[in-house]
Amino acid sequence: MTDTSFTPRVFSGIQPSGNLTLGNYLGAVKRFVDMQNAGIETIYCMVDMHAITVWQDPADLKRNTRELAAAYIACGLDPAKSILFNQSQVPAHAELGWILNCVTRLGWMNRMTQFKDKAGKNAEKMSLGLYAYPSLMAADILIYKATHVPVGEDQKQHVELTRDIAAKFNHDFKVDFFPQPEPIIDGAGTRVMSLRDGTKKMSKSDPSDLSRINMTDDADTIAKKIRKAKTDAEPLPDNMDDLADRPEARNLINIYAGLSGQTPADVIKEVAGQQFGQFKPLLADLAVAHLSPIADEMRRLMDDVSEIDRILGDGANRAAEIAEPILAEVFDIVGFVRSR
Ligand code: AQP
């Protein structure tokens, strides 16, 4: 339920960990643009402090942060309409993050499935930062008192945790200070799956480049990856229910729907009876027509990184103007002496 006592404000972020994928685009950035154009205040971050929860080469991190900024802008985010910045330039995120670490319960963190997925059997060797990630993410959202958080399906649990942390803070300090932010998860692209395994999320960090479409892939690479995408031998049915046990086929229909702006049910009616030999070229053409202009614009923007840095610096100043008074109030609520 939307928290109506707070001014609507949208916050979301993406890690600049390289290889921005079609999943990040359909699940997140495309929807960031829709919300920006709906006239709500929108704040979008490159969450570089989250990226370093796993090892990042410093030079790559800088490049990936600028490339993610270029992707945001190339996809339609307008620095005049949305606040665009990298997280580390607004220290209030980390400061609130620490306070929320002291509100969050270990039992809650132990239930976070993303940590378990990412750490696997190596949990002992993971950074403390990776474990604490969801509490910093709560700070990212709450430092702006954001009410709406567009994310892909995989981040739903983290936004729900943010609601629990906000409620506990309000309860412990007997205030009605933080809103209950709502995850916004809608449309066909909220869970884009790997092209090699329809049961696994498409991910930047998958070791197989054939598993994902990168936003910087050229037309030939996109077409090749779709041609090689795992499928089955059956023709496409005329309804989505018949794809329940065919995850790879369902994924390709969902991708088509996400890119064309149709519902999966409409797409499947259009392509009913087709073999993948017919459908894949249609999907490849659609993906190339949609993604190539974005990749071209990203390359153009990356030719002038000083302009990207200027946009990020300006965005960080505007973000800090919102965050710092909220942090000051939090310090007062918590009982920190402020005498500077
Ligand atoms: N496959 C996906 N389908 C739909 N949405 C997705 N998102 C990520 N993958 C998919 C959404 O993109 C936003 C940013 O994600 P992130 O980079 O902060 O972290 P992530 O969810 O861990 O993404 P990756 O690609 O899997 O990154 P790595 O491999 O670095 O961990 C989020 O809104 C997410 O839901």
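Assorted remarks:
- The single residue among S208, S194 that is surrounded by fewer than 22 Cβ atoms within 10 Å (Cβ to Cβ), over 30 Å from V103 (Cα atoms) and modelled with pLDDT of 95 or more turns out to be S208.
- For the stretch 187-217, a residue qualifies if it is away from the ligand (no atom under 11 Å from the Cβ), among the acidic types (D, E) and part of a loop (DSSP other than H, G, I, E, B), and the qualifying residues are D197, D217.
- Any hit, the stretch 265-284, residues being part of a helix (DSSP H, G or I) and of a type in the set (D, E): yes
- Flag for K116 being surrounded by fewer than 23 Cβ atoms within 10 Å (Cβ to Cβ) and touching a residue at least 60 places away in the same chain (Cβ under 8 Å): no
- Search result, residues across the stretch 164-181 that are out of contact with any Lys or Arg (no Cβ under 8 Å at 6 or more places or on another chain) and either small (G, A, S) or within 16 Å of the ligand (Cβ to nearest atom) (or both): A166, A167
- Test: residue in the stretch 156-164 that is touching a strand residue (DSSP E or B) at 6+ places or on another chain (Cβ under 6 Å) and charged (D, E, K, R): yes
- A295 in contact with a Phe, Trp or Tyr (Cβ under 6 Å, 6 or more places away or on another chain) and either within 29 Å of G189 (Cβ to Cβ) or aromatic (F, W, Y) (or both): no
- Matching helices (runs of 4 or more DSSP H) fully within the stretch 1-92 where at least 1 residues are more than 12 Å from the ligand (Cβ to nearest atom) and either touching a residue at least 12 places away in the same chain (Cβ under 8 Å) or buried (at least 18 other Cβ atoms within 10 Å of the Cβ) (or both): 30-36, 58-74
- Members of the stretch 120-133 found to be hydrophobic (A, V, I, L, M, F, W, C) and either more than 19 Å from Q56 (Cα to Cα) or within 12 Å of the ligand (Cβ to nearest atom) (or both), listed by number: L130
- Tally of residues being hydroxyl-bearing (S, T, Y) and within 15 Å of the ligand (Cβ to nearest atom) across the stretch 218-240: 0
- Tally of residues being touching a residue at least 60 places away in the same chain (Cβ under 8 Å) and assigned to a loop (DSSP other than H, G, I, E, B) across the stretch 177-186: 5
- Residue within the stretch 154-176 that is at positive phi, in a loop (DSSP other than H, G, I, E, B) and free of Cβ contacts under 8 Å to residues at least 24 places away in the same chain present: yes
- Qualifying position, being under 24 Å from M46 (Cβ atoms), in contact (Cβ under 8 Å) with a residue 24 or more places away in the chain, outside any helix (DSSP H, G or I) and assigned by TED's automatic domain parsing to the domain that holds R31, among Y144, Y133: Y144
- Subset of the stretch 128-168 [buried (at least 20 other Cβ atoms within 10 Å of the Cβ) and among the small types (G, A, S)]: S135, A138, A139, A146, G152, A166
The values are calculated or read from the model by the stated rules, or taken from the named source; none is laboratory data. This is a predicted model, so every value here is computed, not measured. As a convention, Cβ positions derive from the backbone with ideal geometry for all residues, glycine included, and neighbour counts pool all protein chains shown.
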